[in-house]
1. Listed residues B:Leu169, B:Leu173, B:Leu152; which is closer than 26 Å to B:Asp94 by Cβ, within 14 Å of chain A (Cβ to nearest Cβ) and open to solvent by less than 50 Å² (accessible area, probe 1.4 Å)?
2. Given the structure, is B:Ala82 open to solvent by less than 80 Å² (accessible area, probe 1.4 Å), at pLDDT below 95 and either among the basic types (Lys, Arg) or more than 30 Å from B:Gln217 (Cβ to Cβ) (or both)?
3. Across the range A:106-136, which residue is farthest from B:Arg162 (Cα to Cα) among those that are at the interface with chain B (Cβ under 8 Å from one of its Cβ atoms) and either basic (Lys, Arg) or assigned to a loop (DSSP other than H, G, I, E, B) (or both)?
4. Would it be correct to say that B:Leu191 is open to solvent by 40 Å² or more (accessible area, probe 1.4 Å) and more than 23 Å from A:Asn102 (Cα to Cα)?
5. Filter the range A:146-205 down to residues that are out of contact with any helix residue (DSSP H, G or I) (no Cβ under 8 Å at 6 or more places or on another chain) and of a type in the set (Phe, Trp, Tyr) and give me whichever is surrounded by the most Cβ atoms within 10 Å (Cβ to Cβ).
6. With the condition being in contact (Cβ under 8 Å) with a residue 60 or more places away in the chain and within 14 Å of another protein chain (Cβ to nearest Cβ), I'd like the helices (runs of 4 or more DSSP H) fully within the range B:219-258 carrying at least 2 qualifying residues.
7. Report, ordered by the first and then the second residue, all pairs with beta carbons closer than 8 Å, sequence separation of six or more or different chains, a first member in the range A:32-59 that is open to solvent by 50 Å² or more (accessible area, probe 1.4 Å), and a second member that is polar (S, T, N, Q).
8. Going by the conditions given, is B:Ala126 closer than 22 Å to B:Val78 by Cα, away from chain A (no Cβ under 14 Å), surrounded by fewer than 20 Cβ atoms within 10 Å (Cβ to Cβ) and aliphatic (A, V, I, L, M)?
Amino acid sequence: MNTPQLAGADARLEIEVRHKSFESSKGGSIEVLRDLSFAAEPNEFVCLVGPSGCGKTTTLRLLLGLDRSFEGRIALPGEREPRIGMVFQEPILLPWRTVEENVRLVLPKSLQGKNLDRLFDALGLSGMRAFYPGELSLGLARRAALARALVIEPDLLVLDEPFVSLDEATAQQLRYLLLEIWSAHPTTVLMVTHNLLEAIMLADRIVVLSPRPAHVIGSFLVRVPRQARNAQICSDILRSFRERFPAQS
Amino acid sequence: MEKAARRRSFGPLLTVIASVVVLAVAWHLSATLWPSRAFPPPLDVLRVMARETAKGDLPYHLGITLGRVAASFLLAMVIGSAIGIFLGSYPRADRFLDPWVILSLNVPALVVIVLAYIWFGLNEVAAIGAVAFNKIPNVIVTMREGTRALDLRYTDMAKVYRFGPLSRLRHVLLPQLQPYLAAASRSGISLIWKIVLVVELLGRSNGVGFQINLYFQLFDVASILAYTLAFVCVMLLIEFLLVQPLEHTSTRWRRRAA
């Protein structure tokens, strides 16, 4: 049994998982992670890529404290009680609460009664505050999930394929929105994605995982400043990424 | 648009009223065609009802019975929900206790009542306890099903965002269990108010069940029907004025879903 440790303010996110396996219902066990270790500096934007089914979501579950049966150590950035903002693969908003209630529910006591006008404004949700999640499109629901993750002023923002199954225009719009908000309030970000161009557009560093049992194959620094990452430059970066990690499609 | 909606909601109401009127007329006609002390016409029943109300007997016994219904209902819902949620969350405990639940589901209400009176005496606690005990297994089964159907993604979300136990209950657990709670309360009320009458008949000296027993010995069918009708009317009022509006409020997020 493991509890993510705390490393104090301005500390790095550190993940060192020696071993993690799942028991199957038929009695066998599958090793998912072996000697997986990487870190993220304070306010660094790290993208985690790897073949599907390799254990990326499992890694996130470990560091969120949702699964404690593993061998290894996890240190979270932030104070005594680090705040983690999470955007899951699906929005997972409570359908019986309005958008505003969903966002307000996660506020810690110290932030209760916070004025949310600017946040909702920035995410283009001002007119949707009284709507129920069932009345929103997937894109809007994703925005609400993002609002919920950002409202707590997180020490660590964890995103699990937050823009998947959106049309490309909406996804791109949301990526810009995320960048804009993150630049205004920098925090450590760990994002899982399958979309290499998305990773190249957003990340400071891309951590590449192997197939199961997952470990880190290598990490790829994106040195070009974000403002300069236009379509041409992104595809150049993608080419050099593929030269280093030919197995990644 | 609102007018149209109102007209639409009046339609079914008119049908219900028409149906009740037809029933009353049929009752009146058959009671006049075959006059008998064992089958009084509706007006006689109404007259008895008015007389008993004026005397204060009917409101008194009705009040006592309603109190017992409310007490055993609350008891059954609270205990049954707690056990049901527990069994739904811990499969091992469920496997162990499941035979007990099945057994208690199949014990006839009458047996429970008689045993309760023998073991605990002819008192209010035994009466209310016996009624509640009859309902608890049903609540357990329904709430266990609801707990098994809980969406773990919401539980994870609440854990990540550090919901306190109270807000977890209020915002995550109860809204998911609401349809099951509603189903359990509905079937609960209708089962309980029938059993309460038997309990009163067997071992209490007041309440609608006691009165019905009394008039049974006098073969006074008009009075039996008067008490029955009054009681049924109150239960219907509770259904329309309390249960249905509550259900409407707690599911309003569903109604507008896109």
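1. Values: B:Leu169 fails: open to solvent by less than 50 Å² (accessible area, probe 1.4 Å); B:Leu152 fails: open to solvent by less than 50 Å² (accessible area, probe 1.4 Å).
Every option except B:Leu173 fails the conditions.
2. Working: open to solvent by less than 80 Å² (accessible area, probe 1.4 Å): yes; at pLDDT below 95: yes; either among the basic types (Lys, Arg) or more than 30 Å from B:Gln217 (Cβ to Cβ) (or both): yes.
For B:Ala82, the condition - open to solvent by less than 80 Å² (accessible area, probe 1.4 Å), at pLDDT below 95 and either among the basic types (Lys, Arg) or more than 30 Å from B:Gln217 (Cβ to Cβ) (or both) - is met.
3. Filtering the range A:106-136 down to residues at the interface with chain B (Cβ under 8 Å from one of its Cβ atoms) leaves A:106, A:108, A:132, A:134-136.
Still in the list and also either basic (Lys, Arg) or assigned to a loop (DSSP other than H, G, I, E, B) (or both): A:106, A:108, A:132, A:136.
Details: A:Val106: 7, A:Pro108: 8, A:Tyr132: 22, A:Leu136: 25 Å.
Within the range A:106-136, the match that is farthest from B:Arg162 (Cα to Cα) is A:Leu136.
4. On the way: open to solvent by 40 Å² or more (accessible area, probe 1.4 Å): yes; more than 23 Å from A:Asn102 (Cα to Cα): yes.
So B:Leu191 passes the test.
5. Checking each candidate, the answer is A:Trp182.
6. Working: elements: B:221-238, B:244-250, B:252-255.
Fully inside the range B:219-258 and qualifying: B:244-250.
7. Close Cβ pairs (under 8 Å, with a partner that is polar (S, T, N, Q)) amount to A:Glu41/A:Thr188; A:Pro42/A:Thr188; A:Asn43/A:Thr187; A:Asn43/A:Thr188; A:Thr57/A:Gln89.
8. Working: closer than 22 Å to B:Val78 by Cα: yes; away from chain A (no Cβ under 14 Å): yes; surrounded by fewer than 20 Cβ atoms within 10 Å (Cβ to Cβ): no; aliphatic (A, V, I, L, M): yes.
So B:Ala126 fails the test.
The values are calculated or read from the model by the stated rules, or taken from the named source; none is laboratory data. Not measured: the values here are computed from a predicted model. Cβ coordinates were reconstructed from backbone atoms using ideal geometry, including for glycine residues, and neighbour counts include every protein chain displayed. The area values use the complete protein model at the heavy-atom level, side chains included, leaving out ligands, DNA and RNA. Shrake-Rupley method; radii C 1.70, N 1.55, O 1.52, S 1.80 Å.
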